[in-house]
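Single-structure report; data block below.
Since every read-out is calculated from the coordinates, none of them should be taken as a lab result. As the structure is a computational prediction, the values presented were derived from the model and not from experiment. Cβ sites come from the backbone with ideal geometry, for glycine too, and all protein chains shown count toward neighbours.
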Amino acid sequence: MGVNLSGRNFLKLLDFTPEEINYLLDLAADFKRMKRAGVPHRYLEGKNVVLLFEKTSTRTRCAFEVAGMDLGMGVTYLDPGSSQMGKKESIEDTARVLGRMYDGIEYRGYGQELVEELAAKAGVPVWNGLTTEFHPTQALADVLTMREEFGDMHGRKVTYFGHGDGNTSDSTMVVCAQLGIDFCLCGPLDDVPGNLFFKPELLEQCRVIAAEHGSTITITDDIAEATENASVLYTDVWIGMSTPREIWPQRIPLFEPYRITREVMAQARPDAIFMHCLPSFHDTETTIGQEVAEQYGITEMEVSDEVFEGPQSRVFQEAENRMHTIKAVMYATLK
Ligand code: CP
């Protein structure tokens with residue numbers, strides 16, 4: 001029987017089978033081809049979606065807006081500054097109101113339990129645009145980017161530089177386990193303030209899923225082990241949206257040895273690519289980049305500018321793929 005995701009929520013990739021994930025990736029590739037060829041695909045005309053953002057965004061917001069408009073839908077953006085959400089009305093009450101007006105709801109915010117509760121109350125499909133725990137639309141775009149480079153990723157190795165228990169590292173580990181991709185986390189293993197580790201239960205669950213699909217999960221602080229035979233080197237910021245400033249003095253020196261530089265890239269496969277969910281602190285062209293340069297004397301954080309701008313970097317292709325994959329998710333769940 002074919003895959004049918006009509007009416008489903010998209011809250012975390014653990015809720016989906018590998019067949020369903022591959023269906024979404026194929027659909028996203030089709031939409032990308034149509035967009036490039038200028039073929040209209042206003043398949044969801046007459047429908048309306050609302051985007052709830054409790055945190056800032058460039059890629060996710062724009063991806064949902066453009067994808068929704070390409071599909072012919074009306075799109076409303078709401079943040080706490082321009083709605084009652086959070087201040088005068090709970091997320092749950094907001095969801096119950098919006099579920100009576102809209103055909104689908106995107107949510108970016110805090111705990112995973114909020115998006116789960118929203119989905120339970122809304123009565124229409126709800127899509128996770130990032131929670132503290134998971135970033136599933138990012139992971140889908142990442143795998144589409146990898147497939148465009150290498151074809152089937154089964155049996156290849158993806159190494160994530162940084163810490164576990166971030167929404168991007170968690171979702172990358174999950175999708176790799178589900179698709180039979182070897183996953184390696186490379187970062188400091190010291191149990192010290194500022195470091196973060198995968199939640200043991202999620203790690204164990206992913207190890208079981210990976211074993212079912214013939215792949216492995218490795219956690220190491222050894223860059224040579226992490227890069228050996230890797231097809232993808234991936235990283236994310238060391239100081240994210242919710243990293244308190246008090247943690248910076250511990251976090252930055254702890255992760256500095258794990259910056260992806262040209263020397264690190266050279267240890268991976270010759271055809272390896274560099275990926276990053278963005279935004280990135282690869283130079284001092286941001287206020288935070290400048291502040292870190294002044295306080296810590298470093299002008300690049302998680303990746304060197306040379307790698308970010310270099311021939312192995314696929315970061316802007318990856319960012320574009322957010323839109324094609326989000327379009328696939330909205331279409332598959334609303335059609
Ligand atoms: N990668 C990502 O989620 O980007 P935004 O925070 O800009 O949405």
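Dividing the mean sequence gap of close Cα pairs (under 8 Å, 6+ apart) by how many residues the chain holds gives a relative contact order of 20 percent. Estimated from the Cβ-Cβ distance and a Förster radius of 51 angstrom, the FRET efficiency linking residue 222 and residue 92 is about 0.65. Along the axis of the charge dipole computed for the chain (Cβ charges of +1 for Lys and Arg, -1 for Asp and Glu, origin at the Cα centre), the listed residues 83, 69, 115 are led at the positive end by 69.
Give the calculated FRET efficiency between residue 294 and residue 148 to the nearest 0.05, with a Förster radius of 56 Å applied to their Cβ-Cβ distance. The formula returns an efficiency of 0.90 here. Placing unit charges on the Cβ atoms only, positive for Lys and Arg and negative for Asp and Glu, gives region 229-335 a dipole magnitude near 640 debye about its Cα centre. Among 53, 10, the order by Cβ neighbours within 10 angstrom, fewest to most, reads 53, 10. Each Lys or Arg adds one and each Asp or Glu takes one away; over the other residues whose Cβ falls under 15 Å from the Cβ of residue 130, this sums to -4. When the GluC sites (Glu not before Pro) in region 198-301 are filtered for DSSP coil states and for at most 11 other beta-carbon atoms within 10 Å of their beta-carbon, the remaining sites are 285.
Using the Cα centre of region 45-195 as the reference point, and only Cβ charges (+1 on K/R, -1 on D/E), how large is the resulting charge dipole? Debye, rounded to the nearest 20. Walk me through the numbers before you get to the answer.
Values: 13 positive and 23 negative charges, 78 e Å.
It works out to roughly 380 debye.
A simple count of charges around residue 334, restricted to other residues whose Cβ falls under 14 Å of its Cβ and scoring Lys, Arg +1 and Asp, Glu -1, yields +1. Taking springs between alpha-carbon atoms closer than 10 angstrom, which of 143, 174, 97 fluctuates most in the Gaussian network model of the chain? In this elastic network of the chain, the residue with the biggest mean-square fluctuation among 143, 174, 97 is 97.
What does the charge count near residue 54 come to, summing +1 for each Lys or Arg and -1 for each Asp or Glu among other residues with Cβ under 9 Å from its Cβ?
On the way: positive: 55, 108; negative: 79.
Net local charge, residue 54 excluded: +1.
If you take the beta carbon distance between residue 306 and residue 41 as r and set R0 to 45 Å, what does 1/(1 + (r/R0)^6) give as a FRET efficiency, to the nearest 0.05? Don't skip to the end; give the middle numbers.
Working: r = 39 Å, r/R0 = 0.86.
E between residue 306 and residue 41, to the nearest 0.05, is 0.70.
Projecting label points 7 angstrom from Cα along Cα→Cβ for residue 246 and residue 192 puts them 1.9 nm apart. Longer than 24 Å from Cα to Cα, which of 32/199; 35/335; 12/35; 87/335 are they? Say none if no pair is. As for pairs spanning more than 24 Å Cα to Cα, those are 32/199; 12/35; 87/335.
Is it possible to state the helix-based mean residue ellipticity at 222 nm for the chain, with each DSSP H run of 4+ residues giving -39500 (n - 2.57), the sum divided by total residues, to the nearest 500 deg cm²/dmol? What is it?
Calculated mean residue ellipticity at 222 nm is -13000 deg cm²/dmol.
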